[in-house]
Structures are given as structure tokens and as C-alpha cells.
Amino acid sequence: MKKDRISIIIPVLNEEKTISKVLSSVAKSIKSEDFELIVVDGGSQDQTKKKCFNQIEKLELHSKCTWVDCKKGRAHQMNAGALIAKYNVLYFVHSDTLLPKGFDEHIVKTLQKASAGCFRLKFDSNKWFLRFFAFFTRFNYLVCRGGDQTLFLQKQVFEELSGFDSRYKIYEDNEFISRVYKHYNFRIAED
């Protein structure tokens, strides 16, 4: 079987406090050399771009990273990233997310059994309500899904579903995932 390659799409808007952390998480957690990183900015007014480029240079990822300026709105931004993605697996990651070690291998393994998937939520907090929500993300029910879990899928599936509905200003992830559940097999990755 041909080795799957991953396009990691990160929508950003005024993320100067988190962008370096998520980029470091990608570099530290990915095992493959076959990936691309697409950062899609919705019009940041802070130092997001500067901090992104500084971190990309520091991590020596400049040959793998593309910066895209786009209309504001995560649905617009994720669609724009997917449109230019070169690889057959799309992985949508929020800028405040830290990725599990070997996430790329977990994604490829999961997509051998399903068309789309996500990781369970884990918070770096002891607040009971966050632990409560995180617990339920282990169950494969639509009500337990959300964008903060990240989302990965075959690019072909994304195109067949016509991407994210840009009319949604919030919960665009939930709306899109509900369409995925209606038409395709969905799994939670083991990490």
C-alpha cells in the first residue's frame, strides 16, 4: 500500500501566544518526513505571522511550510488550506492544540479502517468539567465530537462533502463532522 502523506492545516487569527507551541508540537510529535504544514491566517493584527516564521526557521521546517492569507472565519480558512493541500490526508489542527507522539502513524493506521477520524481530547487542567468532557470523547458518537479533537480524513472525502460550510461562524467542525458521520466510517484514533 502506498504510504499516506499528511497535509497539516492550522487556521490562525491573532495566535501570537500559541503558534510557536503548536508548531513545536508538530515537529516534536511527527515521525514521518513526508508532510506539509499549511498555516492559514484570517487577518491577524498581532505578531502571529512573525512568530510563525521565526518558529518555522528555528525548527527548520521552512521547506515544508506554506503561509496563506485568507478571509476571516475558520471554515473559510480550513477550506483554503485544503484547496492547496498537496497530499491525500488532511489533518485540521487548532492553534492551541498539542499533538500526541507519532500522531501521523496513528492517523495512517486509523484511515486504513475508516475514511475519517479524530483523537480523544486531553486537557492540561484538573478542572472536573474539562475532565468530564474529555472522558466522553472516547466514544464514537456524533454528540461526543468537536473541532478541538482535531480532524483527519482522506482529501477525497473532504472534496466529496464540499468542505466546511462557510456560513457557519462557529461549530463549523460539528456541522462538517455530522456530514462525515452520515456518509462515511468514522473512528477515534488510539494514541
Condition check for Val26: out of contact with any Ser or Thr (no Cβ under 8 Å at 6 or more places or on another chain) and open to solvent by less than 20 Å² (accessible area, probe 1.4 Å): yes
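Of all residues in the range 66-124, which are part of a strand (DSSP E or B) and of a type in the set (D, E, K, R)?
At the first step, the residues of the range 66-124 found to be part of a strand (DSSP E or B) are 66-69, 89-92, 116-118.
If the condition is that a residue be part of a strand (DSSP E or B) and of a type in the set (D, E, K, R), then Asp69 is the only one that fits.
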Residue that is open to solvent by less than 90 Å² (accessible area, probe 1.4 Å), among the acidic types (Asp, Glu) and without any contact (Cβ under 8 Å) to a residue 24 or more places away in the chain, where the choices are Glu160, Glu175: Glu175
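Being among the basic types (Lys, Arg) and either within 16 Å of His76 (Cβ to Cβ) or assigned to a loop (DSSP other than H, G, I, E, B) (or both) is the filter here, so list the residues in the range 148-181 that pass it. I'd like the intermediate steps shown before the answer.
In the first step, residues of the range 148-181 are kept if they are among the basic types (Lys, Arg); the result is 155, 167, 169, 179.
Passing the criteria: Arg167, Lys169.
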Some residue of the range 8-24 being in a loop (DSSP other than H, G, I, E, B), in contact with a helix residue (DSSP H, G or I) (Cβ under 9 Å, 6 or more places away or on another chain), within 24 Å of Lys101 (Cα to Cα) and of a type in the set (A, V, I, L, M, F, W, C): no
Checking Leu37 against (1) within 21 Å of Lys169 (Cβ to Cβ); (2) surrounded by 20 or more Cβ atoms within 10 Å (Cβ to Cβ), the condition it does not meet: (1)
So Lys113, is it touching a residue at least 12 places away in the same chain (Cβ under 8 Å), surrounded by 13 or more Cβ atoms within 10 Å (Cβ to Cβ) and not aromatic (Phe, Trp, Tyr): no
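The values are calculated or read from the model by the stated rules, or taken from the named source; none is laboratory data. Note that the coordinates shown come from a computational prediction; the quantities given were computed from them, not determined experimentally. Note: ideal-geometry Cβ built from the backbone for every residue, glycine included; neighbour counts use all protein chains shown. Ligands, DNA and RNA are stripped out before the accessible areas are found, and what is left, the full protein with its side chains, is counted by its heavy atoms. Shrake-Rupley method; radii C 1.70, N 1.55, O 1.52, S 1.80 Å.
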